[in-house]
Amino acid sequence: IQDLELVSVTKRYGTTVAVDAVSHHFRPASYTCLLGPSGCGKSSTLRMIAGHESVSDGSILLAHRDISHLPPAKRGTAMMFQNYALFPHLSVADNVAFSLKMKGVDATDRRAKAAEMLDLVDLTALADRLPAQLSGGQQQRVALARALITRPQVLLLDEPLSALDPFLRVRMRTELRNLQKELGISFVHVTHGQDEALALADEIVVMNNAVIEQAGPAREVFNAP
Ligand code: ADP
Ligand code: ADP
């Protein structure tokens with residue numbers, strides 16, 4: 001049901017070809033890491049899936065429907081950013097419920113859904129705090145709840161752990177992994193860290209110079225025993 005497929009997707013910025021006719025079928029309900037050096041086209045690929053960047057060519061299918069030209073909120077995807085981008089003057093609960101407010105969902109419903117998401121990421125006790133009163137890891141969990149409240153079929157994560165200290169980074173890997181399993185949706189996670197990809201991914205997609213160089217189970221991609 002959550003089949004995500006890139007069909008010869010290209011992204012050009014002027015004369016720069018950032019993504020060059022990339023095709024890939026992401027496994028449903030699995031954790032995929034998009035791995036590669038800086039500038040190889042990972043973020044552009046993710047942003048095109050999210051709809052934050054238009055495709056220059058090709059198409060993106062989700063559940064066999066072409067979503068390439070739909071607005072981000074209508075795609076069935078949600079994106080979690082590196083720098084959380086929480087609203088500083090809104091409480092944790094209001095941050096999480098924000099997209100529902102934009103959609104016109106009434107206050108009672110918003111509160112209930114936000115509470116459910118906060119429970120999911122273990123933040124119930126902090127619902128009334130402001131973002132500045134949270135640790136980096138907690139802010140990140142708010143950002144996760146905020147993305148997940150839209151009930152996406154695919155969650156897109158752009159270097160979500162890079163702003164965290166090494167200890168927290170390792171702990172958040174486990175949390176992300178567990179969350180993906182619990183929800184049974186697809187996660188597509190961009191990283192330039194090989195160890196991160198190995199620790200998280202069911203499948204690793206290696207990009208280099210705007211194309212996919214290799215894709216497969218983590219063990220195959222790295223020839224691990
Ligand atoms: P990565 O996420 O792997 O670091 P990006 O997708 O961000 O790679 O970038 C791929 C290429 O596209 C790079 O050469 C980058 O400079 C270029 N690029 C990315 N975004 C833009 C943009 N908005 N305008 C022009 N060039 C861009
Ligand atoms: P990072 O290397 O941290 O992943 P990105 O490549 O995602 O950073 O770029 C961050 C922002 O800068 C994005 O909005 C992207 O579109 C823009 N950007 C990246 N490369 C260029 C470029 N060569 N020219 C213009 N904008 C760019």
- Selected residue (only one of 19, 7 is surrounded by fewer than 23 Cβ atoms within 10 Å (Cβ to Cβ) and in contact (Cβ under 8 Å) with a residue 24 or more places away in the chain): 7
- Pick out the one residue from 59, 99, 68 that is more than 16 Å from ligand 2 (Cβ to nearest atom) and part of a strand (DSSP E or B). 59
- Query: Where residues in segment 186-196 are at pLDDT below 95 and farther than 16 Å from residue 40 by Cα, which of them is surrounded by the fewest Cβ atoms within 10 Å (Cβ to Cβ)?
  - Reply: 195
- Message: Can you list residue pairs whose Cβ atoms sit under 9 Å apart, with the first residue in segment 40-56 being over 12 Å from residue 13 (Cβ atoms) and the second being in a helix (DSSP H, G or I) and of a type in the set (D, E, K, R)? Count only pairs 6 or more apart in sequence or on different chains.
- Response: 51/74
- How many of the residues making up segment 1-22 are within 10 Å of ligand 1 (Cβ to nearest atom) and under 24 Å from residue 184 (Cα atoms)? 0
- Give the residue that is nearest to residue 3 (Cα to Cα), with candidates limited to residues of segment 24-34 that are part of a strand (DSSP E or B) and in contact (Cβ under 8 Å) with a residue 60 or more places away in the chain. 26
- Message: Looking at the structure I just gave you, is residue 130 without any contact (Cβ under 8 Å) to a residue 60 or more places away in the chain and more than 21 Å from residue 2 (Cβ to Cβ)?
- Response: yes
- Quick one: which of 25, 52 is within 16 Å of ligand 2 (Cβ to nearest atom) and not hydroxyl-bearing (Ser, Thr, Tyr)? 52
- Query: Which of (1) in a helix (DSSP H, G or I); (2) surrounded by fewer than 22 Cβ atoms within 10 Å (Cβ to Cβ); (3) within 15 Å of ligand 1 (Cβ to nearest atom) is the odd one out, the single condition residue 37 does not satisfy?
  - Reply: (1)
- If we keep just the residues of segment 79-99 that are surrounded by 13 or more Cβ atoms within 10 Å (Cβ to Cβ) and over 19 Å from the mean Cα position of the chain (by Cα), which is nearest to residue 159 (Cα to Cα)? 92
- Qualifying residue in segment 67-78 (condition: within 16 Å of ligand 1 (Cβ to nearest atom) and more than 12 Å from the chain's Cα centre (by Cα)): no
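The values are calculated or read from the model by the stated rules, or taken from the named source; none is laboratory data. These numbers were taken from a predicted model, which means no experiment stands behind them. A quick note on method: Cβ atoms are made from the backbone with ideal geometry, for glycine too, and the neighbour counts reach across all protein chains shown.
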